[in-house]
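Visitor: Next up is a structure, given as structure tokens.
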Amino acid sequence: MKLSVVSEVGKEAVVAILGPGDFFDEGCLAGQPVRMGTAPAITPGTVLVIEKSEMFKVLHEQHGLSDRFITFMLARNIRIEEDLIDQLFNSSEKRLACTLLLLARYGKEDQPHGVIPNLSQETLAEIIGTTRSRVNFFMNKFRKLGFIKYKGGLQINTSLLSV
């Protein structure tokens with residue numbers, strides 16, 4: 001799923017790409033009255049909807065779920081901080097490389113990695129905060145250097161870590 005928000009002038013920003021087992025719309029648990037964005041699916045999948053009262057109940061009663069939820073929320077908070085630092089200090093080329101590696105699930109031992117879902121260059125630009133033309137330029141550069149290839153989806157080579 002692609003979590004995104006749209007500004008008053010219509011500019012879209014992708015806040016996160018969620019995968020299997022991830023949580024979203026948890027802001028209601030903290031009293032957030034209105035959703036801040038949208039979450040369209042980018043690949044086929046299933047969403048489990050849990051009512052607010054039921055979520056509070058299972059978080060108190062099922063320690064395994066509670067631990068998983070807390071771990072997810074802490075990891076997401078760390079990711080948001082890293083993204084902010086990334087925006088402040090790193091080039092768009094490096095941000096794109098990091099985003100591709102994250103989407104390919106590198107660093108997550110329990111997840112298959114290497115191929116990412118079909119995302120448009122426009123979506124990648126929204127994720128890293130640059131233009132589609134810059135993403136196109138860097139993707140062509142990465143392809144020529146052998147960091148990525150288009151074969152049955154976008155395949156990410158671990159050599160992209162060197163960027």
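The values are calculated or read from the model by the stated rules, or taken from the named source; none is laboratory data. All values derive from a computational prediction rather than experimental measurement. Glycine gets a Cβ as well: all are built from the backbone with ideal geometry, and neighbour counts include every protein chain shown. Quick note on the areas: whole protein, heavy atoms, side chains included, nothing else; ligands and nucleic acids left out. Shrake-Rupley method; radii C 1.70, N 1.55, O 1.52, S 1.80 Å.
Visitor: Treat every Asp and Glu Cβ in region 5-163 as -1 and every Lys and Arg Cβ as +1, leave all other atoms uncharged, and give the resulting dipole magnitude about the Cα centre to the nearest 20 debye.
Guide: It comes to approximately 860 debye.
Visitor: List the aspartates and glutamates whose Cα lies under 15 Å from the Cα of Lys144, skipping any in the same chain that are fewer than 8 positions away.
Guide: Glu93
Visitor: Please return the longest range in the chain lying between exposed loop sites, taking GluC sites (Glu not before Pro), DSSP loop only, at most 14 other beta-carbon atoms within 10 Å, and leaving the sites out.
Guide: 52-108
Visitor: Count the net charge of all other residues whose Cβ sits under 15 Å from the Cβ of Ile80, scoring Lys and Arg as +1 and Asp and Glu as -1.
Guide: Neighbour charge sum, excluding Ile80 itself: -3.
Visitor: Shifting gears a bit: What's the local net charge at Lys52, with K and R +1, D and E -1, over the other residues with C-beta under 14 Å away?
Guide: -2
Visitor: Measure off, as a whole percent, the carbon and sulfur share of the 1.4 Å-probe accessible area of region 1-104, all protein chains present.
Guide: With neighbouring chains kept in place, the figure for region 1-104 is 60 percent.
Visitor: So, one more: Counting other Cβ atoms within 10 Å of each Cβ, which trypsin sites (Lys or Arg not before Pro) in region 54-163 have at most 12 and sit in a DSSP loop?
Guide: Lys108, Lys151
Visitor: Would you work out which of Val49, Thr71, Gly152 lies farthest towards the positive end of the dipole of the chain? Charges go on Cβ: Lys and Arg +1, Asp and Glu -1.
Guide: Gly152
Visitor: Counting pairs of alpha carbon atoms under 8 Å apart in space and at least six apart in sequence, what relative contact order in percent does region 4-67 give?
Guide: Computed value for region 4-67: 25 percent relative contact order.
Visitor: If you don't mind, another one. Report the residue, chosen from Ile78, Ile148, Ile50, that carries the largest GNM mean-square fluctuation when the chain is represented by alpha-carbon nodes joined by springs under 10 Å.
Guide: Checking each option, the largest mean-square fluctuation is seen for Ile50.
Visitor: Let me check I've understood the local charge: for Leu3, count other residues with C-beta under 13 angstrom from its C-beta, Lys and Arg +1, Asp and Glu -1. What total comes out?
Guide: Once positives and negatives cancel, what remains is -2.
Visitor: A further question follows. Per 10 Å bin, what is the whole-percent P(r) computed from every C-alpha pair distance within the chain?
Guide: 9, 34, 35, 17, 5, 0
Visitor: Oh, and also: Taking the alpha-carbon set of region 1-82, what are its Rg and Dmax in Å?
Guide: For region 1-82, the Cα-based Rg and Dmax read 13.8, 44 Å.
Visitor: Right, next: Where only protein heavy atoms count, and the probe is 1.4 Å, what is the accessible area per residue for the chain in Å²?
Guide: Per residue, the chain has an accessible area of 66 Å².
Visitor: For region 1-47, give the magnitude of the charge dipole about the Cα centre (Cβ charges: +1 Lys/Arg, -1 Asp/Glu; no others), in debye to the nearest 20.
Guide: For region 1-47, the charge dipole is close to 80 debye.
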